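Some notes on the structure that comes next.
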Amino acid sequence: MALSLTTRGLLLLMRAIGFLIGLFGMAARAFDYSRRLGGPRAAQPTSKSLLLLSALRLAKLIRQRKVKCIDVINAYIDRIKEVNPLINAIVKDRFEAARQEALEVDNWLSKEQEDETTLEQKRPFLGVPLTVKEAFELNGMPNSSGLVNRKDVISKTDAAVVALLKQAGAIPLGVTNCSELCMWYESSNKVYGRTNNPYDVRCIVGGSSGGEGSALGAACSVIGVGSDIGGSIRMPAFFNGIFGHKPSSGVVSNEGQFPVAMGAQEEYQCTGPMCRYAEDLEPMLRVMAGPGIHKLKLDKKVPLQKIKFYWMEHDGGSLLVSPVEPELLQVQKKVVRHLETVLGASVQHVQLRQMKYSYQIWVTVMSARNQDGKEAVKFLELLGDHGKPVWPLWELMKWFLGMSTHTIPSIGLGLMESVLKHDHQTNTKFEKLRQTLWSDLVDMLGNNGVFLYPSHPKVAPKHHFPLTRPFNFSYTGIFNALGLPVTQCPLGLSSQGLPLGIQVVAGPFNDHLTLAVAQYLEKSFGGWVCPGKALE
């Protein structure tokens, strides 16, 4: 597709800004390594049985009075105390409150006479440890989203999904780190610092739900809450070797998180489950969806052999993003061969030319007005948290002097927002591309097809690397712009001991298909691998 001079100019400008920010990133990275001391490179593996069970299995043992809830909670608290100093994933804990709630569960069960089936229906996650992204309200916990201006904000209530999970019996252990204002794919901010990857602390955890991904990957939690507007569930799930599901748009409530999505972003932001075990995804989604559950078909059986599988190895060669790494291509082809030869399913390779423009489509959607004409909130307004205005060039000068309260990615995003102005012609062009891609995918997938696509072009890169490739998130962001359900599935470890994975995409409200495939891939390829195993 021919590009206009305006579009070419925008692309060149974006690459120039990305290159400039990348230089800052490499300088920061060099400084970071120059001061790094020797120490463990990965979280220690665990063999404690209570830490190696799914949420469903834990809840069942607790309901059957075979395991005490207090023992489960204490096991996870001990694990957090062991590992969190290395990874900095959980930024505020509520251990004493969690212990008290666990004792109340045990006491209640000692007196309760209801049968196990009734208990399961009422409280499917009874006594199960839970962690929550700090951007969500959790009563008594901070809710800053990594913004210094909000570091003293304490939640007085629970976000909608948090309340539902607590009603289902889950016990929150604390809140987890995120990127500043949840708009970057490395989880680091001036409130809590940086979160490290449990498989290699030199590597990123993704963002913006990176603390959640790291905590789960390190076996510091078993289920967690994340949000996703450009891949903020799926990238951390991929980098940390766990499962993450972005539901179909409009199914799960986004109420009770900061920043609040405005404009078209309201439609494309999604709240969803993150976990180590695929069998926990569906019951988590049932709880988190609340009244939105009627839009899904989670009770429908999925005969895997009859699913039509489609796959694409990369986006077609966008100049804005990295090439897909060989090991990710290899593991994707391994999945394809397995589906064809072992499962006996229909698998077809496809070429969707519009995927090459994933970033441009995403940014067009995210800057659009909603159906009522409401505009998206400007990122610079969020940086000031509706207080004093933030001037990105001034913040950049302050950053060089070590005086800015903002991270370099946020300053860079502010700079991009202030200089990049899409004209009506450009917006119209990419909106038409989005509509064509949506139609092509939905027609291809129908109600019985899934699409296999890389979760990211690289395995977890080193800290600061995202600054040199700011648009790599487009591999996940495109599906926010399309409003389709996606599950990120782990596929073992690379030769460097870092998680591999793949996205499984379905048509609108066909979440049951991606969740069923996730369980199959877990059984076939092993699912989550405890960090440190590759170093033993």
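The values are calculated or read from the model by the stated rules, or taken from the named source; none is laboratory data. As the structure is a computational prediction, the values presented were derived from the model and not from experiment. Here the Cβ positions follow ideal geometry from the backbone for every residue, glycine too, while neighbour counts run over all protein chains shown. With ligands, DNA and RNA removed, areas are computed over all heavy atoms of the protein, side chains included. Shrake-Rupley method; radii C 1.70, N 1.55, O 1.52, S 1.80 Å.
A few remarks follow.
- Averaged over residues, the count of other Cβ atoms within 10 Å places the peptides 168-178, 494-504, 522-532 in the sequence 168-178, 494-504, 522-532, highest first.
- Net charge contributed by nearby residues that have their C-beta within less than 14 Å of Ala218 (K/R +1, D/E -1): +2
- Under the criterion of Cα pairs below 8 Å and six or more residues apart, the relative contact order for segment 42-525 equals 17 percent.
- Counting only DSSP H runs of at least 4 residues, each contributing -39500 (n - 2.57), and dividing by the residue count of the chain, the helix-based mean residue ellipticity at 222 nm comes to -12000 deg cm²/dmol.
- Solvent-accessible heavy-atom area per residue, rounded to whole Å², over the chain at 1.4 Å: 39 Å²
- Radius 10 Å from Cβ of Asn197, net charge of other residues (Lys, Arg +1; Asp, Glu -1): +2
- Of [x] 23.4; [y] 25.2; [z] 28.4, the label for mean projected area of the Cα convex hull in nm² derived from the coordinates: [x]
- Extension gain, Lys81 back to Ile154 (0.36 nm per residue minus Cα-Cα distance, nm): 24.0 nm
- With every protein chain in place, the chain: carbon and sulfur % of accessible area (1.4 Å): 54 percent
- Rounded to 5, percent antiparallel among DSSP beta bridges of the chain: 65 percent
- Here the calculated FRET efficiency for Gln121 and Lys92, from their Cβ-Cβ distance with R0 = 45 Å, stands at 0.85, rounded to the nearest 0.05.
- Difference of contour (0.36 nm per residue) and Cα-Cα distance, Ser418 to Met312: 34.7 nm
- Taking other residues whose beta carbon is less than 13 angstrom from the beta carbon of Asp440, and scoring Lys, Arg as +1 and Asp, Glu as -1, yields +2.
- FRET efficiency for the Gln64 to Gln167 pair, using the beta carbon distance and R₀ = 22 Å, is estimated at 0.55.
- Take the Cα of Leu343, go 7 Å toward its beta carbon, and the backbone nitrogen atoms of segment 421-451 under 12 Å from that spot belong to 449-451.
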